[in-house]
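Asker: Here's a structure for you.
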Amino acid sequence: MQRIYLDYNATTPLRPEVRDAMMPYLTEAFGNSSSIHAYGREARTAIDTAREQVADLIGAKSPSEIVFTGSGTEADNHAIKGLTELEKSRGKGNHHIITSSVEHHAVLHTCQYLEQRGFEVTYLPVDRYGRIRIEQLREAVRDTTVLISIMHVNNENGTIQPLEDICEIAQEHEIPLHTDAVQSVGKLEMNVQALGVNLLAFSGHKIYAPKGIGVLYIRRGTRLANLVHGGAHERNRRAGSENVPAIVGLGIAADLAKQEQNAYAQHLDALTQRLRQGLDAHIDRLHYNGHPDHCAPGTLNVSFEAVEGESLILRLDMEGICVSTGSACTSGSMEPSHVLAALGLPPRLAQGTVRFSLGRNTTEAEIDEVIAKLPKVIQQMRTLYRG
Ligand SMILES: *Cc1c(COP(=O)(O)O)cnc(C)c1O
């Protein structure tokens, strides 16, 4: 059976162009970029090129503002811990961080960790579609606020945060701003200079590069403590011999993402609309959880009434359709994800939630097949439902 992959927010396949560009660095061009001989210089040049490509994708002023990390998660950790640790070492009494209640665990769990270490954290609530209210951010700012960290696009429902307004408030109060842009880079236009963020994280495997490579943009002048200590790699900001093949792959993926951003967004948008119209036409009692006006293309988060999500995912998997639920199994019972909980979805509805996330290789035929199969599956599941 031909499988249909609709889980691109979880990860994307390597693009063939990316794989081809990586191959030499997995084989003959194996040098350590710190070596001064020809092998080393070859690796160094490849990394320099990739750094320029990545800087270009997000509109950084200089490639020197780009640090390669081991993942998007590490980039978020580096931004948040690196900045707060430096503030703490400067004294200044209490320290306060503002974030949102719908962040990825890479940010949320890092903030919770810092809370245990004496930081105070405000987790901004969100509206029913997962957007923070800008007045609530304004009210949350304190004299002791050392960092605002708010994601650009949510991974579960695609909702876009009002990043321009958030930036304005951060600048007004001279508070550094970090954004987790893992789900927006490549789909939405991104210009860190125009926007004015201090720190921005994204990840290779969400833009058709390999897993295990991430990026932290650090605006010139933003000071951070290091997370990983050792050699002088990455301008003394992240020690460890560079993952040259992955960095090269990410550079090519960034270059392609920049060239194709408009077409990619249009492709995703058209297919997302097609899916939504198909669901609306054939299934009743459903709710969309993404923001009606501020939603990144490619993500459709749907709650089906009187359906148990985990069983639905397994049934769809049997049909060859690969999607995600909005719930996680915690101690045997299905708990809605923290994002769905923050939207205020009743648990019964949160339980029946599915995330469709589309990508480059998604076709109209695949969407049509989902629309052909899903109504029957939902109907069967509803007859079995005893919530
Ligand atoms: C995937 C993801 C991450 C984590 O990136 P990794 O490279 O998998 O560590 C962080 N934030 C968001 C919003 C994501 O979707």
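Asker: Suppose R0 equals 51 Å. What FRET efficiency, 1/(1 + (r/R0)^6) with r the Cβ-Cβ distance, do N361 and R90 give to the nearest 0.05?
Answerer: On the way: r = 49 Å, r/R0 = 0.96.
The value I calculate is 0.55.
Asker: With a cut-off of 15 Å, note down the residues of the stretch 225-246 whose backbone N falls inside the zone around a label point 7 Å from the Cα of S34 toward its beta carbon.
Answerer: 228-244
Asker: Given R₀ = 30 Å, what would the calculated FRET efficiency be for A263 paired with D143, taking r from the Cβ atoms and rounding to 0.05? Write out the running numbers ahead of the final one.
Answerer: Working: r = 47 Å, r/R0 = 1.55.
With a Förster radius of 30 Å, E is 0.05.
Asker: Subtracting the Cα-Cα distance from 0.36 nm times the residue separation, let me have the gained length for A270 to L384 in nm, one decimal.
Answerer: So the chain would gain 37.7 nm between A270 and L384.
Asker: Which of the listed residues, Y8, T45, G130, is farthest toward the dipole's positive end in the chain, when Lys, Arg count +1 and Asp, Glu count -1 at the beta-carbon?
Answerer: T45
Asker: Another question about this same structure. Which value, in debye to the nearest 20, gives the size of the charge dipole of the chain about its Cα centre, when Lys and Arg are +1 and Asp and Glu are -1 at the Cβ?
Answerer: That gives a dipole near 560 debye.
Asker: Still on this structure, please answer the following. Towards the positive end of the charge dipole of the chain, with charges on Cβ (+1 Lys, Arg; -1 Asp, Glu), say which of A281, I97, S241 has the farthest Cα.
Answerer: S241
Asker: Report the antiparallel proportion of the DSSP beta bridges in the chain as a percent, rounded to a multiple of 5. Let's see the in-between values first.
Answerer: Numbers: 26 of 44 bridges.
Percentage antiparallel, nearest 5: 60.
Asker: Moving to a separate point now. Can you give the local net charge around L275? Use residues other than it whose beta-carbon is closer than 14 angstrom to its beta-carbon, Lys and Arg +1, Asp and Glu -1. Please report the intermediate quantities before stating the final value.
Answerer: Details: positive: R274, R276, R355, K373; negative: D7, D269, D280, E364, E366, D368, E369.
That works out to -3.
Asker: Please report the spacing between the Cα centers of the stretch 205-271 and the stretch 304-383 in Å, no decimals.
Answerer: If we compute the Cα centre of each part, the gap is 31 Å.
Asker: Considering lysine pairs in the chain that are 8 or more places apart or on different chains, how many have Cα atoms under 25 Å apart?
Answerer: Number of lysine pairs found: 12.
Asker: Note the angle between two axes, namely the Cα long axis of helix 38-58 and the longest principal axis of the Cα atoms of the chain, as a number of degrees from 0 to 90, rounded to the nearest 10.
Answerer: Value to nearest ten degrees: 60.
Asker: Return one number: the angle in degrees, 0 to 90 and rounded to the nearest 10, between the long axis of the Cα atoms of helix 163-172 and the longest principal axis of the Cα atoms of the chain.
Answerer: Roughly 40 degrees, rounded to the nearest 10.
Asker: If each of Y288 and E135 carries a label point 7 Å out from its Cα toward its Cβ, how far apart are those two points in nm?
Answerer: The two pseudo-label positions are separated by 2.7 nm.
Asker: How large is ³J(HN,Hα) for each residue in the stretch 346-363, as worked out from phi by the Karplus curve 6.51 cos²θ - 1.76 cosθ + 1.60 (θ = phi - 60°), to whole Hz, x for Gly and Pro?
Answerer: Per residue, the Karplus-derived 3J(HN,Hα) values read x, x, 4, 7, 4, 4, x, 9, 10, 9, 9, 10, 9, x, 3, 8, 5, 10 Hz.
Asker: Given 0.36 nm per residue, what is the gain on full extension from D127 to R348 after removing their alpha carbon distance, in nm? Don't jump to the answer; show the numbers that get you there.
Answerer: Numbers: separation 221, 0.36 × 221 = 79.56 nm, distance 1.89 nm.
Additional length available on full extension: 77.7 nm.
Asker: If I model a spin label as a point 7 Å beyond the Cα along the Cα-Cβ vector, how far apart are those points for R41 and R117 in nm?
Answerer: 4.2 nm
Asker: State which stretch of the chain is the longest one without any exposed trypsin sites (Lys or Arg not before Pro), exposure meaning a DSSP loop state and at most 16 other Cβ atoms within 10 Å.
Answerer: My reading of the result: 286-385 is the longest stretch.
Asker: Rounded, prolate or oblate for the stretch 77-214? Axes are the square roots of the Cα gyration tensor eigenvalues, ordered a ≥ b ≥ c, and the cut-off for rounded is a/c under 1.5.
Answerer: Cα axes put the stretch 77-214 in the prolate bin.
Asker: Between A232 and R220, 0.36 nm times their residue separation minus their Cα-Cα distance comes to what?
Answerer: Additional length available on full extension: 2.5 nm.
Asker: Just to confirm the number: angle between the C-alpha axis of helix 309-318 and the first principal axis of the chain, 0 to 90 degrees, nearest 10?
Answerer: The angle comes out at about 90 degrees.
Asker: As a test, work out the antiparallel percent of DSSP beta bridges whose residues both lie in the stretch 171-281, rounded to the nearest 5.
Answerer: 55 percent
Asker: So for the stretch 106-262: antiparallel DSSP bridges make up what percent, rounded to the nearest 5? Spell out each step's value before the answer.
Answerer: Numbers: 7 of 13 bridges.
DSSP beta bridges in the stretch 106-262 are roughly 55 percent antiparallel.
Asker: Name all residues of the stretch 66-90 having a backbone nitrogen under 19 Å from the label point set 7 Å from the Cα of H109 along its Cα→Cβ direction, giving them as ranges.
Answerer: Only 69-82 pass the distance filter.
Any read-out appearing in this document is the output of simple, stated calculations on the displayed coordinates, not a laboratory observation. Values in this document were obtained by computation on a predicted structure and should not be read as measured data. Every residue, glycine among them, receives a Cβ derived from its backbone with ideal geometry; neighbour counts consider all protein chains shown.
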